[in-house]
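One structure is given here, and the rest of the page talks about it.
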Amino acid sequence: MRALCWGGTRLAPARDVSDPVRGPGEALVRVRLAGICRTDLEITRGYLGFRGTPGHEWTGRVVEADDPDLVGAHVVGEINLGCSACPACRAGLARHCPRRRVLGIAGADGAFADLIVVPVGNLHRVPEAVGDREAVFTEPLAAAFEILDQVSTVAGARAVVLGDGKLGLLVAQVLARAGAEVLLAGHHEPKLARARQVGVRVGAPDPGADLVVDATGTPSGMADALRLVRPRGMVVLKTTIAAEHTLDLAPAVINEVTIVDSRCGRFAPALAALAGGGISVAPLIDAVYPLDDAVAAFARAAAPGTLKVLVDAQD
């Protein structure tokens, strides 16, 4: 099969490698579409020291599985591969397993390839109403919905989302759908125009927000969030970056701000929202590249003003 390879210094074009071999309880999936996200770009800058095939936002069709009824199914897959035995895994929180591997991010090859092996327990069937170009957003949309699992009072809240990238636009839609009064702040007019297209209000926020979500992907995002949140308000941190940075936490202490770190989320709410048309993702797609041009796809994804770039493993 073909697979994109990151060796630590350069992203090599897709090349022929051995097909992955599934074990008991695993499924072999033929990837149809995979999305490039900020974490993938940070991997090429040294994030977590990953080596191998990146890619964790994907959708595909099952080729082999122990259960014949699963073969041919249109699926997406959760990215965290837990040990299944620790307290976190037994509590249904494999994403916090201390021994977890993460597809395309830590210890496991990812989806910028023709084929991928995934535990059957990580797979979710995609509703018939959801096509590939919507299904590929399941993982980042689940991360946006995770905020609703972590924050108890969203309806009626004055919320600011910092960052006009893919995740920021998804978070803004999710919060608005949950009843928050949302304002998205960013610096790229083409992206802000896309936000308006999906019904998100944009502008320059004033201090005093009940809830601020940092989805900037920059070291300064958290400081900006602390400046904008009201005393005893809440900041949700969605940014992951490879570079080291410092942060003055005195404003958080002085103003008694609650800081919530937020990562992966449950797939079921995301798939339901996609199936019901409650979240608009098509306007977020800027380009689709074939797998053989995945290096160019990464360059496009890293260009200022770009939203979602997809890699098509079928071409």
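The values are calculated or read from the model by the stated rules, or taken from the named source; none is laboratory data. Everything numeric in this text was worked out from a predicted model, so none of it was measured. So basically every Cβ, Gly included, is an ideal-geometry build from the backbone, and we count neighbours across all protein chains shown. Just the protein is used for accessible areas: all its heavy atoms, side chains included, with ligands, DNA and RNA removed. Shrake-Rupley method; radii C 1.70, N 1.55, O 1.52, S 1.80 Å.
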**OP:** Inspect segment 248-262 for any residue being of a type in the set (A, V, I, L, M, F, W, C), under 29 Å from Val130 (Cβ atoms), surrounded by 13 or more Cβ atoms within 10 Å (Cβ to Cβ) and without any contact (Cβ under 8 Å) to a residue 40 or more places away in the chain and give the result as yes or no.
**Re:** no
Original post:
Among the residues of segment 182-217, how many are touching a residue at least 40 places away in the same chain (Cβ under 8 Å), open to solvent by 30 Å² or more (accessible area, probe 1.4 Å) and either hydrophobic (A, V, I, L, M, F, W, C) or within 21 Å of Asp261 (Cβ to Cβ) (or both)?
Top reply: 2
Original post:
Out of curiosity, is Val260 within 17 Å of Ala159 (Cα to Cα), outside any helix (DSSP H, G or I) and under 16 Å from the mean Cα position of the chain (by Cα)?
Top reply: no
Subject >> In segment 185-207, the residues that are in contact with a Gly (Cβ under 8 Å, 6 or more places away or on another chain) and either of a type in the set (A, V, I, L, M, F, W, C) or part of a loop (DSSP other than H, G, I, E, B) (or both) >> reply: Ala185, Gly186, His188, Leu192, Ala195, Val202
Original post:
When the residues of segment 85-96 are filtered to those that are of a type in the set (A, V, I, L, M, F, W, C) and surrounded by fewer than 19 Cβ atoms within 10 Å (Cβ to Cβ), which remaining residue is nearest to Phe267 (Cα to Cα)?
Top reply: Leu93
**OP:** Pick out the one residue from Arg22, Arg99, Arg45 that is out of contact with any helix residue (DSSP H, G or I) (no Cβ under 6 Å at 6 or more places or on another chain), outside any strand (DSSP E or B), open to solvent by 30 Å² or more (accessible area, probe 1.4 Å) and under 22 Å from Lys308 (Cα atoms).
**Re:** Arg45
Original post:
Applying the selection to segment 128-153, what residues are touching a Gly at 6+ places or on another chain (Cβ under 6 Å) and not in a helix (DSSP H, G or I)?
Top reply: Val136
Original post:
Does Val236 satisfy the criteria of being β-branched (Val, Ile, Thr), out of contact with any Pro (no Cβ under 8 Å at 6 or more places or on another chain) and either in contact (Cβ under 8 Å) with a residue 12 or more places away in the chain or over 21 Å from Pro127 (Cβ atoms) (or both)?
Top reply: yes
Original post:
Only one of (1) buried (at least 19 other Cβ atoms within 10 Å of the Cβ); (2) at pLDDT 95 or above is not met by Gly265, so which one is it?
Top reply: (2)
**OP:** Mind telling me which of the residues Gly110, Gly156, Gly179 ends up being part of a loop (DSSP other than H, G, I, E, B), small (Gly, Ala, Ser) and buried (at least 17 other Cβ atoms within 10 Å of the Cβ)?
**Re:** Gly110
